[in-house]
Amino acid sequence: MEEVREASNHDLEWLSREATLKDLITRDKELPASWQYKDGFPYFKNRLYIPANNALKTKIAKGCHDSNVAGHFGMEKTIEIITRDFYWKGLTEWINDYVR
């Protein structure tokens, strides 16, 4: 989670989303549909919202795609695995490029 926090410092959209969610919580207002703020991080549909940081996205993709035991998963399986826990804008396209 520390890597997400560090990467978020360079993503203005991520920081803006976090600030909006925190502000709504502070004012006891309803959060936008599908968004949560828990453990100090924004979540979209119960998936951790990842900042726009290719190094972090690559680390996540390697962990989900490059298995020493099972070999390399294809695009669809990699997307399925990553979207269980993570979300970022353009995730599917990014993963397709990574797997190619």
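Computed from the coordinates by the stated procedures, all read-outs in this text should not be read as laboratory data. Just so it is clear, the model here is predicted, and its values are computed rather than measured. Cβ atoms come from the backbone with ideal geometry, glycine included; neighbour counts cover every protein chain shown.
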Say each of D39 and M75 gets a label point 7 Å from the Cα, pointing the same way as Cα to Cβ; how far apart are those two points in nm?
3.0
Between I50 and residues 5 or more places away or on another chain, the pairs with built amide H atoms under 5 Å apart involve Y87, W88
Residue by residue through the range 25-40, what is 3J(HN,Hα) from phi via Karplus (6.51 cos²θ - 1.76 cosθ + 1.60, θ = phi - 60°)? Round to whole Hz and write x for glycine and proline.
5, 4, 8, 6, 9, 6, 7, x, 3, 6, 9, 9, 10, 9, 6, x
Over the chain, relative contact order from alpha-carbon pairs under 8 Å, at least 6 apart, %
24
Spatially near lysine pairs across the chain, Cα under 23 Å, sequence gap of 8 or more or different chains:
20
Residue separation times 0.36 nm, minus the C-alpha to C-alpha distance between A55 and I25: what's the value?
7.7 nm
